[in-house]
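Worksheet: the structure to be examined is printed underneath.
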Amino acid sequence: MKLPSHVKPIPGFLNWLYPKGFTPFLLNKIYLNNRILRDLETENPKPHSVSILIHEQEHLKRRGLTHSLKYALLPKHRLKEELRAYKKQFVYLKSKGEEYDIENVARKLSGPFYLFAADYKRAKKLLEDLWQQA
Ligand SMILES: [Zn+2]
């Protein structure tokens with residue numbers, strides 16, 4: 001698929017840290033892991049790769065300094081922002097008949113990578129609800 005010009009590869013040394021991608025809220029850019037980016041550039045990218053782009057595109061809708069600070073400082077805000085993005089991602093994956101490793105995301109959201117946005121049980125329940133509704 002043809003990718004918009006604001007979608008960039010993650011600079012080499014950060015690839016190991018981000019197996020999927022990230023969207024810095026202060027820039028109008030989406031950075032994707034090279035493996036995901038290469039798959040998206042093919043004619044038939046995997047639904048999981050497309051869903052990662054959808055997730056990051058949802059983050060891109062809300063940018064700016066205030067949002068960045070709230071995301072960094074407030075676990076509640078961080079969780080809300082991530083759930084918004086996962087919702088879009090889940091709707092797409094379900095429409096393609098795909099599965100998703102919810103426990104893995106719940107572990108990430110409740111761990112250091114997302115600065116402990118919620119405890120594991122709560123994150124898992126919220127994600128399961130999202131998947132049900134998707
Ligand atoms: Zn996210």
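Every read-out reported here was derived from the displayed coordinates using simple, explicitly stated rules and does not represent laboratory data. Predicted, not measured: the structure shown is a model, and the values here were computed from it. So basically every Cβ, Gly included, is an ideal-geometry build from the backbone, and we count neighbours across all protein chains shown.
Largest GNM mean-square fluctuation among 113, 25, 13, using the chain with Cα springs under 10 Å: 13.
For the listed residue pairs 46/70; 46/76; 88/121, the alpha carbons are over 26 angstrom apart in 46/70; 46/76.
Among the trypsin sites (Lys or Arg not before Pro) in the stretch 1-51, which ones are in a DSSP loop with at most 13 other Cβ atoms within 10 Å of the Cβ? Mind listing them?
Numbers: sites: 2, 20, 29, 35, 38; in loops: 2, 20, 29.
The qualifying sites are 2.
A simple charge model with +1 on the Cβ of Lys and Arg, -1 on the Cβ of Asp and Glu and nothing else charged puts the dipole of the chain at about 440 debye relative to its Cα centre. The modelled label-to-label distance between residue 67 and residue 119, using points 7 Å beyond Cα along the C-beta direction, is 3.1 nm. Compactness of the stretch 1-43 is given as radius of gyration and Dmax, 10.1, 31 Å, from Cα positions.
Residues with beta-carbon under 13 Å from that of residue 90, excluding residue 90: net charge, scoring Lys, Arg +1 and Asp, Glu -1? That works out to -2. A straight Cα-to-Cα reach below 12 Å connects residue 108 with the aspartates and glutamates 82, 119, residues fewer than 8 places away in its own chain not being considered. Taking 0.36 nm per residue of separation and subtracting the Cα-Cα distance, full extension of the segment from residue 42 to residue 101 would add 18.8 nm. The GluC sites (Glu not before Pro) of the stretch 28-96 that meet both conditions, a loop assignment by DSSP and at most 14 other Cβ atoms within 10 Å of the site Cβ, are 41, 43. Obtain the radius of gyration and the Kirkwood radius of the stretch 7-133 from its C-alpha atoms and give Rg over Rh. In the stretch 7-133, Rg relative to Rh is 0.95.
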